[in-house]
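The values are calculated or read from the model by the stated rules, or taken from the named source; none is laboratory data. Computed from a prediction, not measured in an experiment: that's the story for all the values here. Here Cβ is always computed from backbone atoms with ideal geometry, including for glycine, and neighbour counts include all displayed protein chains. Ligands, DNA and RNA are excluded from the accessible area calculation, which covers all protein heavy atoms including side chains. Shrake-Rupley method; radii C 1.70, N 1.55, O 1.52, S 1.80 Å.
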Amino acid sequence: FSRYSSSSMFNGENFISKAFFILSIVILVGFFIYYYIKYQKEEHKGFEKIEYSSLLLLSLLVLALFSARSAIRLIMILGPIVPIFVGYLIYQSIFSFKNSKEEKRLFLGIVAIILIILTIFAFISYYKEIKSQAYNAIPSAYNQQWQKAMKWVRDETPQNSVFSHWWDYGYWLQSIGNRATVLDGGNSNTFWNYYMGRLVLTGDNQKDALEFLYAHDANYLLIDSSDIGKYGAFSSIGSNENYDRLSYIPTIHLDKSQSRETSSGMMRVYSGGVGLDEDIIYKLNDSEIFLPSGAAGIGGIILQSSQENNSMSFTQPTGVFVYNGQQYNLPLRYLEYNNNFVDFGSGLEAGVKIIQKIEVVNGQVQMDDFGSILYISPRVMRGYFAQKYLLNDPFNKFPNFKLAHSEDNLIVSELKNQGINLNEFVYYQGIQGPIKIWEIKYSGNEEKKQEYLDRDASKYLSWEL
């Protein structure tokens, strides 16, 4: 209970939580010392009569409690262990009730009735809550998009194929796709998570990615659109001690109040952003602009377009950066719209990807072709995820990853069937995008490095993962 929830008084981090936690340990240890001394003084050494199985179970309970406190996903460890002690409590309560004196028996009976009522109440309330959550979760998170993608995996890939991806999808590939995976939700080896994040998903060169995947006999690489939101997670895990890969891919929405028509077309303003993931040093009009990470950030994007003869053209997008209360407008080098990638030849090595935005108003589907954008920072732009998954490899830096299958998001697929012209990615209650699967074509020059198979990160890293 010293780490009940992040929003409660016992959030596990403040003073009262830590004091409660440490005090409980001290009491437990003191309990053992007290009874050890007490039993040692007895003639028959009653302490030695305690059954080994009881000590084992008590140790298991303590271990489970420590585990459950450390991470919310480990609370499930308590599931099979706590009922053992609840059963023991019931047995001992009945035994004590039968063998106690009349006045004590009345007290124990009242306590037992109260406990039974509270237990039934807790069971019913939690049952209703979990039942509601379960119904609302179907068919997500394993939805129709994943069902179709896994059908393709089962039907179109060899049975001995090995899939690589971020660890979240391991069990789905194994149980529904019937294929082996490099990583899975068990996270038995965080060192491999580190390499997957660093060398593959945020990797800036094909050689390192192929070397790691070759060591694990991987045949396919899979990325899901939810990885856009998880970029901060796997880029953090794939970073060195200075977090050299840590970044995010923010979605920035059109601010219609600031957007306006111009004499040559339309100026659209996208408000919002994120802090810088690395320092920016940029020369503009013979002066050097320095924007430090952690203190400066991007606050918006300005995009101007014109249309002639049903053809849309854009001027170079402008990033609005803010530092120390001052605004700096810097040109962004790259732009992607409607599957067309534009390199303006100069500017900050960052880019924007225009995303169609869908809204349902009064039962009618409304779509804005320019409703949202993804801001791709220079750090993100260098990596596989942006170049291959978001932008379809515009620089041809990862030619040995051949797109084998792309499974549209269910929303995108349904709207396309209704004749609506949609791209791969749309924004509707979050980014909705495809599941992409690439077949890995090795060059033949790869080596199986023991480092990529090892489980002991301390052999290779001077810092702790």
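Please tell me if LYS402 is surrounded by 15 or more Cβ atoms within 10 Å (Cβ to Cβ) and modelled with pLDDT of 95 or more.
no
From the residues in the range 199-220 that are part of a loop (DSSP other than H, G, I, E, B), open to solvent by less than 30 Å² (accessible area, probe 1.4 Å) and not β-branched (Val, Ile, Thr), which one is farthest from ALA149 (Cα to Cα)?
Only one residue tops the list, namely GLY203.
Can you work out which of the residues in the range 193-219 that are under 21 Å from VAL153 (Cβ atoms) and free of Cβ contacts under 8 Å to residues at least 60 places away in the same chain is farthest from the chain's Cα centre (by Cα)?
ASP217
From the list GLY265, GLY186, which one is within 18 Å of the chain's Cα centre (by Cα) and not charged (D, E, K, R)?
GLY186
Can you find, within the range 38-88, the residue that is surrounded by the fewest Cβ atoms within 10 Å (Cβ to Cβ) among those that are of a type in the set (Val, Ile, Thr) and at pLDDT 80 or above?
Applying the filter and picking the extreme gives VAL86.
Within the range 293-304, identify whether any single residue is within 26 Å of the chain's Cα centre (by Cα), surrounded by 15 or more Cβ atoms within 10 Å (Cβ to Cβ), more than 27 Å from PHE425 (Cα to Cα) and without any contact (Cβ under 8 Å) to a residue 40 or more places away in the chain, and answer yes or no.
Yes, there is a match, as at least one residue in the range 293-304 is within 26 Å of the chain's Cα centre (by Cα), surrounded by 15 or more Cβ atoms within 10 Å (Cβ to Cβ), more than 27 Å from PHE425 (Cα to Cα) and without any contact (Cβ under 8 Å) to a residue 40 or more places away in the chain.
For the range 245-263, how many residues are in contact (Cβ under 8 Å) with a residue 24 or more places away in the chain and exposed (fewer than 15 other Cβ atoms within 10 Å of the Cβ)?
Qualifying residue count for the region: 2.
Per-residue answers, yes or no, for (1) loosely packed, with under 10 Cβ neighbours inside 10 Å; (2) of a type in the set (Val, Ile, Thr); (3) over 26 Å from SER54 (Cα atoms):
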site	(1), (2), (3)
SER96	no, no, no
ILE117	no, yes, yes
PHE123	no, no, yes
SER132	no, no, yes
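Cβ-Cβ distance below 6 Å, separation of 6 or more or different chains: which pairs start in the range 264-286 with a residue that is under 30 Å from ASP369 (Cα atoms) and end on one that is of a type in the set (D, E, K, R) and assigned to a strand (DSSP E or B)?
MET267/ARG260
Given (1) touching a residue at least 40 places away in the same chain (Cβ under 8 Å); (2) within 28 Å of LEU199 (Cα to Cα); (3) of a type outside the set (S, T, N, Q), identify the lone condition not met by MET150.
It fails just one condition, (1).
Would it be correct to say that GLU439 is out of contact with any helix residue (DSSP H, G or I) (no Cβ under 9 Å at 6 or more places or on another chain) and among the acidic types (Asp, Glu)?
It is true that GLU439 is out of contact with any helix residue (DSSP H, G or I) (no Cβ under 9 Å at 6 or more places or on another chain) and among the acidic types (Asp, Glu).
Suppose we filter LEU461, LEU415, LEU410 for residues that are hydrophobic (A, V, I, L, M, F, W, C), surrounded by 19 or more Cβ atoms within 10 Å (Cβ to Cβ), at pLDDT below 95 and farther than 22 Å from PRO250 by Cα; which single one remains?
LEU415
Looking at ILE435, ILE420, ILE431, which one is in contact (Cβ under 8 Å) with a residue 12 or more places away in the chain and surrounded by fewer than 18 Cβ atoms within 10 Å (Cβ to Cβ)?
Just one listed residue meets the conditions, ILE420.
For the range 332-380, how many residues meet the condition of being hydrophobic (A, V, I, L, M, F, W, C), farther than 28 Å from LYS416 by Cα and open to solvent by 10 Å² or more (accessible area, probe 1.4 Å)?
The qualifying residues number 2.
Output the residue which, of all residues in the range 269-290 that are loosely packed, with under 12 Cβ neighbours inside 10 Å and of a type outside the set (A, V, I, L, M), is nearest to the chain's Cα centre (by Cα).
The qualifying residue nearest to the chain's Cα centre (by Cα) is PHE290.
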